[in-house]
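Quick notes on the structure that follows.
The values are calculated or read from the model by the stated rules, or taken from the named source; none is laboratory data. Every value quoted in this text rests on a predicted model; they were computed, and no experiment measured them. Positions of Cβ are generated from backbone atoms using ideal geometry, with glycine treated the same way; all protein chains shown enter the neighbour counts. Note: accessible area is taken over every heavy atom of the protein model, side chains too, but ligands, DNA and RNA are not part of it. Shrake-Rupley method; radii C 1.70, N 1.55, O 1.52, S 1.80 Å.
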Amino acid sequence: MSDDQTPADSKLTSSKRRWASEGKFLTGRISRPETERLPPGQHLVKNWPVLDLGQQPVISTESWRLEVPGLVETPLTLTWADFQAMEQSTGVSDIHCVTTWSRYDNNWKGVSTRDLLDRAMPKPEAAYVMLTSYDGYTTNLPLADFAAEDAILATSWEGLPLTPEHGGPMRLVVPHLYFWKSAKWLRRIELLAADEAGFWEKNGYHMYGDPWREQRYSDD
Ligand SMILES: Nc1nc2c(c(=O)[nH]1)N[C@H]1C(S)=C(S)[C@@H](COP(=O)(O)O)O[C@H]1N2
Ligand SMILES: [Mo]
């Protein structure tokens, strides 16, 4: 402890200052009234459309691996058994696709992104993630959004194993961003210091993709 402490420098204020600098308790979420559940320009569907690049890879759970390289203390390569042995979480969330359909109340089960990150331990300079899938698809998002409380590495939807066309055996779900950020058939989660454009982001889609601000396409 230094000598130039002011009386306000209690243990609590110093830990609060540390929490502030670390962004502790920040969820990255914004509360919205229930009347605004449907983002602007979206319409509700009851079915669940399939959208992808047209190549649906078939990955057996025997050959499946999940890699977590980049700016982490512990780079991971998990087998299906490793992944199943991790704490399993459930969540209910809405899907908002940039092609204007939304689907409410999807029940997911899988591993929360936070639990995965706890295991890999991001280095302080890690600020973005680049996701790479088994079909060659890539997409990018800030680490804080990947680590959102309701972001889940889903292996199950509505109590059933996630079907191959929807990204089985495992896909990401990040409910608060347009669904193109939710990589199906996820293979690699690379932690980066700087943002890089993924597949759609290189093809005119927004780098962030907030449905509430209609960030469908990049400005230029
Ligand atoms: N690996 C992979 N993930 C992907 C895509 C893709 O082509 N490949 N398409 C994205 C897009 S544009 C959307 S809208 C959603 C569609 O998911 P769904 O087919 O389960 O509805 O997946 C996203 N994740
Ligand atoms: Mo999409």
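Inside region 102-113, residues that are within 17 Å of E190 (Cα to Cα) and either in contact with a Lys or Arg (Cβ under 7 Å, 6 or more places away or on another chain) or surrounded by fewer than 17 Cβ atoms within 10 Å (Cβ to Cβ) (or both) make up a count of 0. Selection over region 183-213 of residues that are away from ligand 2 (no atom under 14 Å from the Cβ) and either in a helix (DSSP H, G or I) or in contact with a His (Cβ under 9 Å, 6 or more places away or on another chain) (or both) gives a count of 4. The number of residues in region 181-215 that are within 15 Å of G41 (Cβ to Cβ) and touching a strand residue (DSSP E or B) at 6+ places or on another chain (Cβ under 7 Å) comes to 3.
Within region 51-96, the set of residues being within 14 Å of ligand 1 (Cβ to nearest atom) and in a loop (DSSP other than H, G, I, E, B) comprises L51, D52, L53, G54, Q55, Q56, P57, V58, I59, W64. Put simply, of T99, T132, T139 the only residue that is surrounded by 18 or more Cβ atoms within 10 Å (Cβ to Cβ), within 13 Å of ligand 1 (Cβ to nearest atom) and closer than 23 Å to R213 by Cα is T139. Within region 158-180, the set of residues being part of a strand (DSSP E or B) and either closer than 19 Å to N47 by Cβ or open to solvent by 10 Å² or more (accessible area, probe 1.4 Å) (or both) comprises L160, P161, R171, V173. For region 181-197, enumerate the residues that are open to solvent by less than 20 Å² (accessible area, probe 1.4 Å) and more than 22 Å from I95 (Cα to Cα). Matches in region 181-197: L191 only.
Let's see how each residue does on (1) farther than 20 Å from P69 by Cα; (2) in contact with a Gly (Cβ under 7 Å, 6 or more places away or on another chain); (3) of a type in the set (K, R):
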{"position": "T132", "(1), (2), (3)": "no, no, no"}
{"position": "A151", "(1), (2), (3)": "no, no, no"}
{"position": "L162", "(1), (2), (3)": "yes, yes, no"}
{"position": "G168", "(1), (2), (3)": "yes, no, no"}
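In region 71-87, the condition of being surrounded by fewer than 19 Cβ atoms within 10 Å (Cβ to Cβ) and closer than 22 Å to Y178 by Cα is met by no residue.
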